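Here's the structure, in structure tokens; my notes come after.
The values are calculated or read from the model by the stated rules, or taken from the named source; none is laboratory data. These numbers come from a predicted model, not from an experiment. All Cβ positions, even for glycine, are placed from backbone atoms using ideal geometry, and neighbour counts span all protein chains on display. Surface areas here come from the heavy atoms of the whole protein model, side chains and all, with no ligands, DNA or RNA. Shrake-Rupley method; radii C 1.70, N 1.55, O 1.52, S 1.80 Å.
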Amino acid sequence: MKLIPDLIKKITDNEIWKSVFRHGYTDTPRNRALQIISNIWLHLHPAKVREHGTKIRFTWCMGGMTFFIFLFETITGILLMFYYVPDVNRAYADIVDLMYVVPFGRFLRNSHRWGAHAMVITVSVHMFRVFLTGSYKPPRQFNWVVGVILLVLTFLLSFTGYLLPWDQLGYWAITVGTNMARATPFLGHEGPFSYILGMKPDNDVRFALLGGTSIDAPALLRAYVWHCIAIPVIASALMMVHFWRVRKDGGISGPL
Amino acid sequence: MEVRLEKKGIIEFKDDKVFTWPTLVAKEFLAAIFVTVGLLFYSYFVDAPLRELSNPGQAENPAKAPWYFLGLQEALVYFDPWYAGVVLPSIIILGLILIPYLDNNPKGNGYYTFRERKFAVTTFVFGYIFWYVLIYIGTALRGPFWAFFWPWEKWTHDFPTPPPLHDLPLPLGIVLMGGFYFAGLTLPALVKRDFFMKLGVIRYSLTMGLLLTMIGTVIKMVFRLAFNVKYIIATPWINI
Ligand code: HEM
């Protein structure tokens, strides 16, 4: 049977194939390296890494999983955006439609929701691992700082999404959360020393967050824009910095 | 990288580097598949919560923030909102950011060890666990009106009225709190001189300041639970 090798040769040994895939798959060190460095996505990695850094018992794979769940949330989130309109008269009905009418809508919403919870968990565990391996020590101090900001952004991402279904659960959760802003020292109208700056319900930080004195249409729109555009863009930018720095700081930390 | 002189006299380079493809990439793909399958599997069987249409006139009871903020909401029992909701989380974030600059112990960089960094690991693990303990209490053990219920108790609306709370007299409060920070800052510096010397004044003060604030937060909770103290320091402008 020379059919299959012949066929493979026919498919791969021509200009079109070679214009897409630059190298063969014969298992040589050269091809292993090329596999990484000639692929735009994989070349996030160096061609070779220190062995302990590939061990699950070292990284627990938690940073990678956080990133993967972020991608997962991006895809399911985009799909949800096809069905959801951040308008107080529609939002809740759109979610109910997703749950009962849209094909696979329930599945889609569920996976986006549980993914969000999973990401909060994996990012905290990632931080825990980085602490336990002392990986924030020189030269990686700054990447830890970037990480802390990513942690906060992950919380905020999840928090802003909580309001979008416009149901009792989200509404009162965001009420509790944003009421805290009222108590900000100096900047919230019920906070200590707020009289110095003349804070009132309609000019304090909470007002700035909600776009009003209560949670209404402007708050929903703000939550939506932060959730779907602003925070993901900022978080993506910081993740680029984060991954870049992992490599520039000498790859995954390890005993010297 | 380690250079070894082998028997034959040939110099051989030995390093612990492996090819990313397939060693690491294969694991990443596997992890991605596990995560995807896990999430989809869970999503198939468990529905995301959805309650009735929001109604500003009818508060949920209990109204709870998302679970990852319930530690802070639980702290509201013991502190005013300016502390529990704003200052405490800000201190936590600031403290986390400062960690790499405060911990100047060169040991334990890039591997697991408790012995070489007892203080750092103990402090961090304590704070981490404490955060989740509060989340657990806030999520599972708090019912209507934020009343406390054990896991085996049913949430009801008629629970015993909590005992009345009282404030400490202002001078006592100031002495207690001032004394706490003063003793906490000076005693370790005197008793563990090398700890102090290694850190230097600035790192030492910041480290201990943060640590004392964490411990102080716990102590205030104990005061409240054991002695029904509402405020350690009560003034017309600010209460702690
Ligand atoms: C959206 C959030 C985050 C993503 C996607 C992310 C992703 C990653 C990835 C993929 C790595 C490579 C090693 C590994 O997987 O463990 C890494 C390393 C690292 N991360 Fe994160 N991370 C995030 C948040 C954080 C947080 C919250 C911290 C700390 C507060 C942090 C600090 C670090 C540090 C210091 C390293 C270098 C570790 C080493 O060299 O061993 N990151 N991160």
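Annotations
- Stokes-Einstein D for the protein assembly as shown, Kirkwood Rh over Cα pairs, 25 °C, 0.890 mPa s (µm²/s): 93
- Contour minus Cα-Cα distance for residue B:77 and residue B:42 (0.36 nm per residue): 9.2 nm
- Averaged over the residues of A:138-148, the number of partner chain Cβ atoms lying within 10 Å of the residue Cβ comes to 4.
- Rounded if a/c under 1.5, otherwise prolate or oblate - the range A:1-42, Cα gyration tensor axes: oblate
- The mean of 1/r over all distinct Cα pairs in chain A, once inverted, gives the Kirkwood hydrodynamic radius of 21.9 Å.
- Heavy-atom accessible area, 1.4 Å probe, ligands and nucleic acids excluded: residues of the range A:66-85 down by at least 40 Å² from chain alone: A:68, A:72
- Solvent exposure, largest accessible area first (probe 1.4 Å, DNA, RNA and ligands not counted), of A:60, B:155, B:237: B:237, B:155, A:60
- In the context of the full set of protein chains, chain B has a per residue accessible area of 61 Å² (1.4 Å probe).
- Average accessible surface area per residue within chain A, 1.4 Å rolling probe, Å²: 52
- Ellipticity estimate at 222 nm from DSSP helix runs (n ≥ 4, -39,500 (n - 2.57)) divided over chain A, nearest 500: -19500 deg cm²/dmol
- Environment charge of residue B:123, counting only residues whose C-beta is closer than 11 Å and scoring Lys/Arg +1, Asp/Glu -1: +1
- Scanning chain A for trypsin sites (Lys or Arg not before Pro) that sit in a DSSP loop and have at most 12 other Cβ atoms within 10 Å, the longest stretch containing none of them is A:23-256.
- C-alpha long axis of helix B:88-102 to longest principal axis of chain B, angle in °: 30
- If R0 is taken as 45 Å, the Cβ-Cβ distance between residue A:238 and residue A:4 corresponds to a FRET efficiency of 0.40.
- Among the residues of B:120-126, the average count of other protein chain beta-carbon atoms within 10 Å of the residue beta-carbon is 2.
- C-alpha long axis of helix B:170-191 to longest principal axis of chain B, angle in °: 20
- Residues of the range B:84-105 with an amide N closer than 18 Å to a point placed 7 Å from the Cα of residue B:148 along the Cα-to-Cβ direction: none.
- Residue order for A:171, A:100 - accessible surface, 1.4 angstrom probe, largest first: A:100, A:171
- Computed E for residue B:59/residue A:229 - FRET, C-beta separation, R0 41 angstrom, nearest 0.05: 0.85
- Distance from the Cα centroid of the range B:103-167 to that of the range A:172-218 is 28 Å (rounded to whole angstrom).
- For the chain pair A and B, buried accessible area totals roughly 7500 Å², probe 1.4 Å, rounded to the nearest 100.
- Highest GNM mean-square fluctuation among A:202, A:87, A:13, for chain A modelled with Cα contacts below 10 Å: A:13.
- Cα gyration tensor category, rounded, prolate or oblate, for chain B with a/c compared to 1.5: oblate
- Only protein atoms count toward the accessible area here, which uses a 1.4 Å probe; on the protein assembly as shown, the carbon and sulfur part of that area reaches 71 percent.
- Computed E for residue A:128/residue A:30 - FRET, C-beta separation, R0 45 angstrom, nearest 0.05: 0.70
- Kyte-Doolittle at least 0.0, axis length at least 15 Å by Cα - qualifying DSSP helices, chain A: A:62-81, A:105-132, A:141-163, A:168-182, A:231-248
- Helix B:118-140 vs. chain B, principal-axis angle (Cα, 0 to 90°, nearest 10): 50
- Residue B:52 - accessible surface, heavy atoms, 1.4 Å probe, Å² rounded to 10: 110
- Largest GNM mean-square fluctuation among B:167, B:80, B:47, using chain B with Cα springs under 10 Å: B:47.
- Ratio of the Cα radius of gyration of the range A:53-92 to 2.2 N^0.38 Å, where N counts its residues: 1.86
- Counting only other chain Cβ atoms within 10 Å of each residue's Cβ, the peptide A:194-205 averages 0.
- Taking 18 Å as the straight-line reach from the Cα of residue B:230, the aspartates and glutamates in range (excluding those fewer than 8 positions away in the same chain) are B:74, B:80, B:167.
- Given A:9/B:17; A:55/A:137; A:55/B:17, the pairs whose alpha carbons are separated by over 22 Å: A:9/B:17
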